[in-house]
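Just below is one structure, and these are the notes that go with it.
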Protein chains: 2
Amino acid sequence: MQFADRLNQVETSAIRDLFKLLGKPGIVSFAGGFPDSAMCDVEGIRTAVNAALTEDGGGALQYGATEGYPALREQLASFMAGKGAQDVAPEQLIVTTGSQQALDLLAKTMISPGDKVIVEGPTFLAAIQCFRLYGAQLVSAPIDAQGVQTDVLEQLMAQHRPKMLYLIPTYGNPSGATLSLARRKRVLELALQYQCLVVEDDPYGDLYFDAPPPPSLLALSPQVPGSREWLAHCGSLSKVLSAGLRLGWLIAPPELLAKAVMCKQFSDANTSTFAQATAAHYLRAGRMPATLAHVRKVYAERAAGMGQALRRELGAAIDFVPPQGGLFIWARLTGAGGKIADAQELSPRAVEKGVAFVPGAPFYCANPDRATLRLSFATADLPKIEEGVRRLAQAL
Amino acid sequence: MQFADRLNQVETSAIRDLFKLLGKPGIVSFAGGFPDSAMCDVEGIRTAVNAALTEDGGGALQYGATEGYPALREQLASFMAGKGAQDVAPEQLIVTTGSQQALDLLAKTMISPGDKVIVEGPTFLAAIQCFRLYGAQLVSAPIDAQGVQTDVLEQLMAQHRPKMLYLIPTYGNPSGATLSLARRKRVLELALQYQCLVVEDDPYGDLYFDAPPPPSLLALSPQVPGSREWLAHCGSLSKVLSAGLRLGWLIAPPELLAKAVMCKQFSDANTSTFAQATAAHYLRAGRMPATLAHVRKVYAERAAGMGQALRRELGAAIDFVPPQGGLFIWARLTGAGGKIADAQELSPRAVEKGVAFVPGAPFYCANPDRATLRLSFATADLPKIEEGVRRLAQAL
């Protein structure tokens, strides 16, 4: 059978092979990219779904508008207002089947084969593959602890004239890095100057440990007049409420949003109204602040615990910047003391010792740094984190 | 803003403009393409979701395998076995976000720009647009009351060497037509002979009024050895259980299925596990046969009622074959007695009189028959159907 040419753009994932090993009994996994379902507010969601079925059973079980279930769009607009984006009307956002679908719709709407897209090096693996399936030529922009380096970014934009710039400005995946306020403003200016759509993917911004992060690009956009016309923002309930509801949203300029809705109509018609009505009731019940406070507290403890254990057990052999939020520690093997400095070499040894992580190389669309690795602290409790890090030290 | 070239392939829908008019108070709508949500088994679904949250709350609210929630894949394999496709293992099907997503994934996996796809004339509008977004060149194959005309189809296949053949063999949308048993076998032979993937879209096959339809292409495929390698089957719970769950499935040869899973990973990662776990519990509880029996009975009454009313009120001015299942009567204006013979001309007059239908022309990818129209009997009760048909007669 002859498949579509676009599949040639996508490599089979190195991560997939790793995940096959995770079934090994007793393994401690730092490899996941997902939240801890044990923290899920099951009873709150049960209350919400029962209320949704009682109040609008017909609507919740019927097809719905491609743009989203109206009550959820309203709740999400309020949720965004609570995060500093106070001028987002319900009509300016559409509900998507997870924020992954928002990326898919943006690529389908914007990218012709050969178009350039700048992404962070490293960035979210499924964004790389998603864009490549639409024929995007990816360009990697370097980052540091303050996020993407805007001086280099400007050079790349001038050189490549990209159609799109994809960023996870807050607690990036895999980097954990957060773009500084000054750089955020610069990104908005560059978007305007180079007439390039900036996609702000923000699934982690609510997961701060101590102080909230700088305002999102969306919240800042009024400070750079005209930049809003070149900005798309992707939100998600997956990391804060439930990934199983598969609910994300896309905020974008009106013309782009209308095209994305058309594409969504022929992608999945609409996102599950059953899940949407449930989330609308959950948000309306006012449970979200307590849920977020709980999740932040637990992840903060785990991040601190993992950081301390890494320093203690691996010492100079590993280097990382402690994250201020999110799910990940992004680290680099230094090779100090003659230890392994290639994460892909370390990975099978670690699995043998009973701990798993994700080597960093696949997160780069070009020029991978093979010394890097991603460690998730989200799904293991503190004793497991300590045990896992001890095993990692043994493997090293 | 410069959008992707692929959007140029898609026309804005004539149907969309019509739907904007449907808000008019008191209008009787035969225009919908959806089931009647009043028939939804809300309490059965409530029981199912509560059981799902109790038994596997963590799993139902977490990310899941891209292929689908295992318990649902098992239930769907059993469901297919009950419909005569007895050799479908759970691993041979994946769960999709409605069967619309199955079409999207098939097109993404199979179609390079310029590839030919044969569809029925008329066919499902969202399939036409979905395929065009991936650059498909569509070829229209004529149908009659027995479905696609296989002798013409063979000529078209020989001439165009299509990559894919898309059919709704049972109670087609919009045609209501059902492919005869002999033609079903012929289609499987042609698929094999021309090495062309046949896509059997089957959302309506469970909605028969009297006798069940002929076996699906999938169920028949063992009679044409080798044909299974060229057959994809799309199923859906939307018309029989709930469209709001957004659950469909795709059965396809292993290599194709693996590629479709990869595409799905970057489209929406996985279908809502919350909805999947709910449907799994619903099916496992054994409620489906009673639900189907109820839905069939009600639609059969409405179809008969609409057919009788059309004969009585419009007489020789309209021609149609009474459907044996599904949601639609596909009719032709004859122009008898000097009456209007163009459905697009009739449509605004009908809305003015307080009744809506969908003109048939947009359902053709080429050479539209402007005398055709689609009337849904699914969502109006018998008195409303009678009233709507009287208004239609007035408009004519």
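We did not get these values from a lab; they are worked out from the coordinates using the rules stated. Everything numeric in this text was worked out from a predicted model, so none of it was measured. Heads up, the Cβs are rebuilt from the backbone with ideal geometry, glycines too, and the neighbour counts pull from every protein chain shown.
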Next item on the list: With springs only between Cα atoms under 10 Å apart, run a GNM on chain A and tell me which of A:71, A:182, A:258 wobbles the most.
Entry: A:182
Notebook entry, point to check: What 222 nm value per residue comes from the helices of the protein assembly as shown, counting each DSSP H run with n ≥ 4 as -39,500 (n - 2.57) and dividing by all residues, nearest 500 deg cm²/dmol?
Noted result: -13500 deg cm²/dmol
Next item on the list: Rank A:35, A:368, A:122 by mean-square fluctuation in a GNM of chain A with C-alpha springs under 10 angstrom and give only the top-ranked residue.
Entry: A:368
Check: Could you give the nm distance between label points at residue B:112 and residue B:181, where each point is 7 Å from its Cα heading toward the beta carbon?
Finding: 4.2 nm
Next item on the list: First measure r as the distance between the Cβ atoms of residue B:24 and residue A:258, then evaluate 1/(1 + (r/R0)^6) with R0 = 22 Å and state the FRET efficiency to the nearest 0.05.
Entry: 0.40
Next item on the list: In a Gaussian network model over chain A where Cα atoms closer than 10 Å are linked, find which of A:352, A:386, A:200 has the largest mean-square fluctuation.
Entry: A:352
Check: Taking the label point as lying 7 angstrom from Cα along the Cα-to-Cβ axis, what are the distances from residue A:81 to the corresponding position in the remaining copies, in ascending order and in nanometres?
Finding: 5.4
Notebook entry, point to check: Which value, to two decimals, describes the C-alpha radius of gyration of segment B:43-286 once divided by 2.2 N^0.38 Å?
Noted result: 0.99
Margin query: Just to be sure I understand the model, the point goes 7 Å from the Cα along the line to the Cβ. What's the resulting residue A:367 to residue A:341 distance in nm?
Written below: 1.8 nm
Margin query: Using the Kirkwood radius over C-alpha pairs as Rh, can you work out the diffusion coefficient of segment B:174-322 via Stokes-Einstein at 25 °C, viscosity 0.890 mPa s, in µm² per second?
Written below: 136 µm²/s
Notebook entry, point to check: Gain in length, residue A:189 to residue A:34, computed as 0.36 nm per residue apart minus the alpha-carbon separation, to one decimal in nm?
Noted result: 52.5 nm
Check: By the scheme Lys and Arg +1, Asp and Glu -1, what is the net charge of all other residues having a beta-carbon under 12 Å from that of residue A:267?
Finding: +1
Notebook entry, point to check: If we hang a label 7 Å off Cα along the beta carbon direction at residue A:352, how far is it from the matching labels on the other copies, in nm, shortest first?
Noted result: 8.3
Next item on the list: Counting only DSSP beta bridges with both residues in the protein assembly as shown, tell me the antiparallel percent, nearest 5.
Entry: 55 percent
Notebook entry, point to check: What FRET efficiency, computed as 1/(1 + (r/R0)^6) with R0 = 35 Å and r the Cβ-Cβ distance, is obtained for residue A:7 and residue B:81, rounded to the nearest 0.05?
Noted result: 0.65
Check: If you take the alpha carbon radius of gyration of segment B:106-165 and divide it by 2.2 N^0.38 Å, what ratio comes out, to two decimals?
Finding: 1.08
Check: segment B:73-202: D in µm²/s via Stokes-Einstein (Kirkwood Rh, Cα pairs, 37 °C, 0.692 mPa s)?
Finding: 215 µm²/s
Next item on the list: Assign unit charges at the C-beta atoms only (+1 for Lys and Arg, -1 for Asp and Glu), then state the dipole size of segment B:90-175 relative to its Cα centre in Debye, rounded to the nearest 20.
Entry: 300 debye
Next item on the list: Can you grab the distance from the C-alpha centre of segment B:304-329 to the C-alpha centre of segment A:45-62, Å, no decimals?
Entry: 36 Å
Next item on the list: Under 10 Å from the Cβ of residue A:378, count the other residues' Cβ atoms, weight Lys and Arg +1, Asp and Glu -1, and hand me the total.
Entry: +1
Item checked: Placed amide H near residue A:249: partners under 5 Å, 5+ positions off or other chain -> A:96, A:235, A:236
Notebook entry, point to check: Tell me, in nm to one decimal, what length is gained between residue A:316 and residue A:50 on full extension, where the rule is 0.36 nm per residue of separation less the Cα-Cα distance?
Noted result: 90.4 nm
Notebook entry, point to check: How high is the relative contact order of chain A, in percent, with contacts defined as C-alpha pairs under 8 Å that are six or more residues apart?
Noted result: 24 percent
Checklist line | chain A - share of DSSP beta bridges that are antiparallel (%, nearest 5) | finding: 55 percent
Note to self: 7 Å along Cα→Cβ for the label point: how many nanometres lie between residue A:284 and each equivalent label in the other copies, listed shortest first?
What the structure shows: 3.1
Notebook entry, point to check: Can you list, bin by bin at 20 Å, the percent of alpha carbon pairs in the protein assembly as shown, starting at 0?
Noted result: 16, 48, 30, 6, 0
